[in-house]
Amino acid sequence: WQTIRRNYDIFTSHSNSISFLHQPNNTIESHSKSNGFWHQPKNTIESSLHSPPPDHILELIREQSYRGGFEPARDFRQCAKIVNGSIPLDLVGTLAINCPGRIRVGARMLGHWFDGDGYLVTLSLDGNSKEANVNGRYVRTSRFKAQEDKNMEKEAVKNVEPPLAFSGAWTKAGMGKWWENFIRIPENPANTATIWLPPLQLSSDVLRSPRLFALCEGGHPIEIDPISLDVLNGEQPFQSSPKSSKQQIAASYFSAHFSQDPNTN
């Protein structure tokens, strides 16, 4: 595994274009091209989405369709079939990105999209096997799992504002009452960036895969399985290499907007 850091022109430099046959699950294929997805009947929209917007938000989306792009994402795993062209043989690796995937819970809007639950997307390309895979999955932070449990307890429907099981820098926990948020610290959404670190060398002949972490300024890095996107470890402060003569553990959070020193490994 390695991070892909190549420009789009690696594709356009080839005489053949690449087309992917992509068929997401539970999507509507035959909708009006003039009005678009959001102008279909409400029951059609509700049957197509795992978290359909409440009525007042749907009306806002219908006024300006771009607002639909801020609706909650959902987990998916897609193996794309190449129907035209080819992936360059030397293009092998995985690109991982991170962003807020949910800024609405039921009818409850979070205070800012910076408080949204982290959502990872990986694009894996292998020119040798001619495979392309795209995966998307929420980072299963402690706050995400707590909210899912809360939603099940309340059976949150689209027009109900459920209490929040977490607080954010701009978002109040519970139903927003002051006593629900007194001396409460915002929790890590893991929603800003990713970083790949070299594999840990366990011995001279045993190697692990490179490590993937979800980052946010509001907490320590969270290690992610680069294939399944499951959380391997909860928040863990970075520490010095096992080879280091002096073990050190980071006392503060790690910036989500990091720079990589080209002169070190």
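Condition check ((1) over 19 Å from ASP225 (Cα atoms); (2) in contact with an Asp or Glu (Cβ under 6 Å, 6 or more places away or on another chain); (3) at pLDDT below 95) across all residues:
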| site | (1), (2), (3) |
| --- | --- |
| ARG108 | yes, yes, yes |
| LEU120 | no, no, no |
| LEU125 | no, no, yes |
| ASN128 | yes, no, yes |
| ASN133 | no, no, yes |
- Message: I'm told LEU215 meets every condition in (1) at pLDDT 95 or above; (2) surrounded by 13 or more Cβ atoms within 10 Å (Cβ to Cβ) except one. Can you identify the failing condition by its number?
- Response: (1)
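Could you pull out the residue among LYS177, LYS81, LYS145 that is in contact (Cβ under 8 Å) with a residue 40 or more places away in the chain, of a type outside the set (Asp, Glu), open to solvent by 40 Å² or more (accessible area, probe 1.4 Å) and more than 23 Å from ASP55 (Cα to Cα)? Break it down into steps so the answer makes sense when it comes.
On the way: LYS177 fails: in contact (Cβ under 8 Å) with a residue 40 or more places away in the chain; LYS145 fails: in contact (Cβ under 8 Å) with a residue 40 or more places away in the chain.
Unique residue meeting the criteria: LYS81.
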- Could you grab me the full set of residues in region 84-103 that are touching a helix residue (DSSP H, G or I) at 6+ places or on another chain (Cβ under 9 Å) and surrounded by 18 or more Cβ atoms within 10 Å (Cβ to Cβ)? ILE87, PRO100, ARG102, ILE103
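The values are calculated or read from the model by the stated rules, or taken from the named source; none is laboratory data. Just so you know, these numbers come straight off a predicted model, no measurement behind them. Please note: Cβ atoms are built from the backbone with ideal geometry, for glycine as well, and neighbour counts cover all protein chains shown. Just so you know, the surface numbers come from the protein's heavy atoms only, side chains and all, with ligands and any DNA or RNA stripped out. Shrake-Rupley method; radii C 1.70, N 1.55, O 1.52, S 1.80 Å.
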